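Structure first, then comments.
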Amino acid sequence: MSTRDLAALTSWSADWSGLRVAVFGVGVTGFAVADTLVELGADVLVVAAKASDEHTQLLEVIGARLELQADESAVPAPLMAFDPELVVVSPGYHPDHALLIWAAEHGIPVWGDIELAWRVRDKVVRADGRPAEWICITGTNGKTTTTQLTATMLVAGGLRAAPAGNIGIPVLDAVRDPAGFDVLVIELSSYQLHWINRNAGGELAPLASVCLNLDDDHLDWHGSAQAYREAKARVYANTRVACVFNQGDLATRDMVEDAEVQEGCRAIGFTLGLPGPSDLGLVEDILVDRAFLEERRNSALELATLDDLRASGLGTPHGVANTLAAAALARAADVAPAAIRDTIRAFALDAHRTAVVARHGGITFVDDSKATNAHAANAALAAFDSVVWIVGGLLKGVDPTPLVQKHVARLRGAILVGIDRATLREAFERHAPGVPVVEVAETETEVMLAAVRAAASLAREGDVVLLAPAAASMDQFIDYADRGRRFADAVQKLTGGSDGESAAPGSGPTGPGRSDPGPTGDGSTDTGPTDTGPTRG
């Protein structure tokens, strides 16, 4: 048993030498953890079910040991002999994994990669001697776009900023970047949030934070909707300047009201309707800020127009919401409205997010492979009037019934793919019996071509063939990007490239306009401070 005071390890310059650390998992994040710990002088044993040839070689080069776990239900003898003083776990490990149960039984503290990054964030400091500020972003849908928008707004405002975290760049790589940053904009998955703020000395205190929205997802990992919600709510803990929440999603407001934050922190809402004081929202077709100005009771700052958003592919309702959230976070870091406007005008969405890949015979083919859960698929479906929906994959324990029920009126047909087709089939049989349904059971190399063929056979002029799977992709594809590329390739094969065209910026569905008052009214929801939560006004 260790006698090391882990609570004192709150700096890169602390004494990490000889600390025995077991790292569970060796993907992109796990390797970054191992590399960081070796650089700190710790004694590192990596335990993983599998490892790529590249990571195996790199671990040997940096001086970390690797133990491959042949049986994931058993604890390897070399791990027990190593007697770790600390475990750092990769995000994908279920809390009930055999290794984590063993660690708990032996009283071994468990950190996630985010906690380790927070503790050593002072490796590279700013000109004022302080480490980079953190802005933390989570939500069921829209995390990556909001993270990219926020980071780009910060850079346009003259700050050295970078996106990191679940977006694909390990936070540990970002905090060790010798160039250094003023602000890190960190996308956090529910897996990562599950492990934060559990250990003395490792509590995050971000400048600003947001949970964009909440819907059931990853229930197979968390075990329940409540556990998933609790993980998401952790994003707000200890926030110092602004807790940003969605006025149209009461769950996020409840999270903020319940959050233990630092004195002076404010609750900032965003809405697709008229904003109240301390909100960002829409006045007719103009995005405005009524939060970060002295005269917010009777005036607002113009940020951009809906035409600006449509021209950048952000004109859908969820695109507008993401933009407002990003603007709120950027304003919390004192970014000027002009920089926010310039960012929106120059922004381009990543691939596989409501992207038109072709138009052929009056049918539009749209790739929203990034819709890996029901919440994202709901937003994509709502953007179109008549859809042939390609849906399915790994549902992650989520019941698709509400999604089917909500959109049955707009469905010309449905093409079911993936390992959980039976669950989808049952939902359609019970709640949409009049919708034509085709199941595709082909192998990975043929599934998307077969799905696109089936969808095209059901579609009529004016329809949209929409890939919005509401599911993860790993049952049949490498990832959601691979799934989206195969969809685009299949469309091009089917159409022969004739009349096909890439989506021009903003050529997707239009967003809210003057006729959409949004979920809030005239600011009457403005509330006073709670005992522990951030203040409004």
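Below is a table of values for the structure above.
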{"item": "Within the accessible area of the range 320-405 (1.4 Å probe), percent carbon and sulfur", "result": "50"}
{"item": "Qualifying aspartates and glutamates (Cα of each under 14 Å from Cα of Lys493; at least 8 residues distant if same chain)", "result": "Glu446, Glu501"}
{"item": "Relative contact order (%) - criterion: Cα under 8 Å, at least six apart; region: the range 60-150", "result": "19"}
{"item": "Euclidean distance of C-alpha centroids, the range 154-170 and the range 228-256, integer Å", "result": "21"}
{"item": "The chain, helix-only ellipticity at 222 nm - DSSP H runs n ≥ 4, -39,500 (n - 2.57), divided by all residues, nearest 500", "result": "-9500 deg cm²/dmol"}
{"item": "Burial ranking of peptide ranges 390-396, 192-198, 100-106, 277-283 (average Cβ count within 10 Å, highest at the top)", "result": "390-396, 277-283, 192-198, 100-106"}
{"item": "Those trypsin sites (Lys or Arg not before Pro) in the range 1-57 that DSSP places in a loop and that have at most 13 other beta carbons within 10 Å", "result": "Lys50"}
{"item": "Across Lys143/Lys396; Lys123/Lys370; Lys143/Lys406; Lys232/Lys396, pairs whose alpha-carbon gap is larger than 27 Å", "result": "Lys123/Lys370"}
{"item": "Charge context of Arg20, other residues only, Cβ under 15 angstrom, K/R +1, D/E -1", "result": "-4"}
{"item": "Cut-off under 5 Å, modelled amide H: who pairs with Phe245 long-range", "result": "Ile268, Gly269, Phe270"}
{"item": "Förster-model FRET efficiency, 56 Å R0, Ala227 and Ser299, C-beta, rounded to 0.05", "result": "0.85"}
{"item": "Packing rank of 140-150, 328-338, 171-181, where each peptide gets the mean count of other beta carbons within 10 Å, highest leading", "result": "140-150, 328-338, 171-181"}
{"item": "Mean Cα-pair separation over length for the range 263-371, i.e. relative contact order, pairs under 8 Å, 6 or more apart, %", "result": "18"}
{"item": "Estimated vicinal HN-Hα couplings, Hz - the range 478-484 in sequence order (Karplus 6.51, -1.76, 1.60; Gly, Pro = x)", "result": "5, 6, 5, 5, 4, 4, x"}
{"item": "J(HN,Hα) series, the range 408-423, from Karplus relation 6.51 cos²θ - 1.76 cosθ + 1.60, nearest Hz, glycine and proline x", "result": "4, 5, 9, 8, 6, x, 9, 10, 9, 10, x, 6, 9, 4, 4, 5"}
{"item": "Stretchable slack from Asp128 to Asp53, in nm (0.36 nm times residue separation minus alpha-carbon distance)", "result": "22.8 nm"}
{"item": "Cβ-based charge dipole, the range 1-104, positive-most Cα from Ala34, His55, Ala81", "result": "Ala81"}
{"item": "Mean separation of Cα contacts under 8 Å (6+ apart) over length of the chain, as relative contact order %", "result": "13"}
{"item": "Positive minus negative residues near Val288 (Lys, Arg vs Asp, Glu; Cβ under 11 Å)", "result": "-3"}
{"item": "Residues whose placed amide H lies under 5 Å from that of Ala304, excluding near-sequence neighbours", "result": "Leu287"}
{"item": "Under-5 Å amide H pairs with Ala358, H placed in peptide plane, nonlocal only", "result": "Phe365, Glu501"}
{"item": "Neighbour-limited loop hits for GluC sites (Glu not before Pro), the range 374-473 (at most 12 other Cβ within 10 Å; DSSP other than H, G, I, E, B)", "result": "Glu461"}
{"item": "Spacing of the two label points (7 Å from each Cα toward its C-beta) at Ser73 and Ala348, in nm", "result": "5.1"}
{"item": "Under the Karplus curve 6.51 cos²θ - 1.76 cosθ + 1.60, θ = phi - 60°, whole-Hz ³J(HN,Hα) for the range 95-111, x wherever Gly or Pro sits", "result": "x, 9, 4, 4, 5, 6, 4, 4, 4, 5, 4, 9, x, 8, x, 10, 10"}
{"item": "Gained length - Ala98 relative to Ala409, 0.36 nm times residue gap less alpha-carbon distance", "result": "107.4 nm"}
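The values are calculated or read from the model by the stated rules, or taken from the named source; none is laboratory data. Just so you know, these numbers come straight off a predicted model, no measurement behind them. Glycine gets a Cβ as well: all are built from the backbone with ideal geometry, and neighbour counts include every protein chain shown. All accessible areas refer to the heavy atoms of the entire protein, side chains included, with ligands and DNA or RNA removed. Shrake-Rupley method; radii C 1.70, N 1.55, O 1.52, S 1.80 Å.
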